[in-house]
Amino acid sequence: MADDIFSRLFELFNQPGPVNWKLAEEVANHLAGSADVVDPWSAEEIEQLVRLAEFRLEQAIPFAVAPAPTILVVDGRTWVQQSLRRLGYLAEPITESVVAAYSAFAAGTGIGGSIAGLQIGGIAGAIAATNIASFEAGIPLVPPDALLVIGPAVERLLATGADTHQARLWVAAHEVAHRALFALPWLPEHLATLLGAAFTGMMPSPDKLGELLGNDPASLTDPERMAALFDRPQSPEEAELASFLAVTGGYRRLVVERAMNEMLTEDFTGATQPNPGRQIGGSSPLPTAAELIPTGLAFCQEVERRFGREAIDSIWDGPERLPTSGELTDSVGWAARVLLDSGLDL
């Protein structure tokens, strides 16, 4: 039995590259569950509403809204198949953080790629199991070559009594805005940098990991038991990642309201299950986006009210213009740092 365990561990660890995709797929498919039915009528309406949202948002935001080449309304298992590898940009910072933290222990073991696989597989699988689309998790799919919506999740939202047309329009508008925002080339790169720093900040001690390996090596194949390694207070690095997700999510809500205000009269934020950040036992440094968005939206609204639409739109000119975690509740402090240098009126 022990030989079987160690053979399996060797197979899982002995994978090339910065992420162990075999392990990622195993975890993601397990969390996504079995295949589900996609309502073709719902899919057709969502596709039409995505095109409407693309047109409306093009008039409301300061950067291009490139039409999605493909719109796919799929079940959770298919979402994993379509999306998992497009989360690969997250792998390098995770792997580098693990190897740097455990340089002596991790050298030549593949543990960095395996933990990256657990993280990415856990994120993808939990989105597929609980979210409607990637906007709810607050992270992009790169490259953004298709717009994906998890159809059965939309139908679960409708089961709460929501208006059918309003719910589907809300989903379409928010995913279009999310996709357009993260099409800015520097934004996914900045997210990856923040994620790498946050992961380092929440890294368990080598002794804790060594104890887990020594007592039960098979635990490395169990996402829930791996999650226990990361049960630590929020670090400063995680706070900055949380600030980023708050402002990107808050700005998304702001521009959807700009573009769709007379058409979209209902808000379904928080009506679905939370994103994967803290759901998998705290194993991911991604905070829960739904908890952060109200703070990010309040910041965006306050900046726009005090300093104008041009001021809040200007935060997407580069990472140095994003609010820090301290500035997220201090729009005047953010303006003093950012707007004075840009020549905008305060």
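The values are calculated or read from the model by the stated rules, or taken from the named source; none is laboratory data. Only a predicted model underlies this, so the values are computations on that prediction, with no experimental measurement involved. Don't worry about glycine lacking a Cβ; one is built from the backbone with ideal geometry, like all the others, and counts go over all protein chains shown.
Of everything in region 294-328, what is farther than 12 Å from PHE244 by Cα and not in a helix (DSSP H, G or I)? Give them in sequence order.
GLY308, GLY318, listed by residue number.
Quick one: is LEU328 more than 21 Å from the chain's Cα centre (by Cα) and surrounded by 14 or more Cβ atoms within 10 Å (Cβ to Cβ)? Before you say what the answer is, go through the steps one by one.
Values: more than 21 Å from the chain's Cα centre (by Cα): no; surrounded by 14 or more Cβ atoms within 10 Å (Cβ to Cβ): yes.
Answer is no for this residue.
Which pairs have Cβ atoms under 8 Å, sit 6 or more apart or on different chains, and link a residue in region 301-314 that is surrounded by fewer than 16 Cβ atoms within 10 Å (Cβ to Cβ) to one that is part of a helix (DSSP H, G or I) and of a type in the set (Ser, Thr, Tyr)?
Sorted first by the residue in region 301-314, then by its partner, the pairs are ARG306/SER331.
Mind checking which residues of region 127-162 are part of a loop (DSSP other than H, G, I, E, B) and among the acidic types (Asp, Glu)? Spell out how you get there, then give the answer.
Here is the first cut: in region 127-162, the residues part of a loop (DSSP other than H, G, I, E, B) are 131-133, 138-146, 159-162.
Within region 127-162, just ASP145 meets the criteria.
Quick check on this structure: which one of ALA35, ALA60, ALA28, ALA66 is over 23 Å from the mean Cα position of the chain (by Cα) and either over 22 Å from ALA167 (Cα atoms) or not in a helix (DSSP H, G or I) (or both)?
None of the others qualify; the one that does is ALA60.
Among the numbered criteria (1) of a type outside the set (Asp, Glu); (2) more than 17 Å from the chain's Cα centre (by Cα); (3) at pLDDT below 95, which single criterion is violated by LEU292?
The one condition LEU292 does not meet is (2).
Here is a check on your reading of the model: is ILE94 within 28 Å of ILE120 (Cβ to Cβ), in contact (Cβ under 8 Å) with a residue 12 or more places away in the chain and in contact with a strand residue (DSSP E or B) (Cβ under 6 Å, 6 or more places away or on another chain)? Break it down into steps so the answer makes sense when it comes.
Numbers: within 28 Å of ILE120 (Cβ to Cβ): yes; in contact (Cβ under 8 Å) with a residue 12 or more places away in the chain: yes; in contact with a strand residue (DSSP E or B) (Cβ under 6 Å, 6 or more places away or on another chain): no.
So ILE94 does not fit the description; no.
Can you work out which of the residues in region 84-131 that are within 12 Å of the chain's Cα centre (by Cα) and β-branched (Val, Ile, Thr) is modelled with the highest pLDDT?
My answer is ILE127.
Within region 152-191, take every residue that is among the hydrophobic types (A, V, I, L, M, F, W, C), farther than 21 Å from LEU87 by Cβ and touching an Asp or Glu at 6+ places or on another chain (Cβ under 8 Å) and give me the one that is surrounded by the fewest Cβ atoms within 10 Å (Cβ to Cβ).
Taking region 152-191 and keeping what is among the hydrophobic types (A, V, I, L, M, F, W, C), we get 153-154, 157-159, 162, 167, 169-173, 176-177, 180-184, 186-187, 191.
Now restrict to residues that are farther than 21 Å from LEU87 by Cβ: 154, 157-159, 162, 167, 169-170, 172-173.
Of the ones still in play, those that are also touching an Asp or Glu at 6+ places or on another chain (Cβ under 8 Å) are 162, 167, 170.
Numbers: ALA162: 16, ALA167: 22, TRP170: 26.
Checked region 152-191; the qualifying residue surrounded by the fewest Cβ atoms within 10 Å (Cβ to Cβ) is ALA162.
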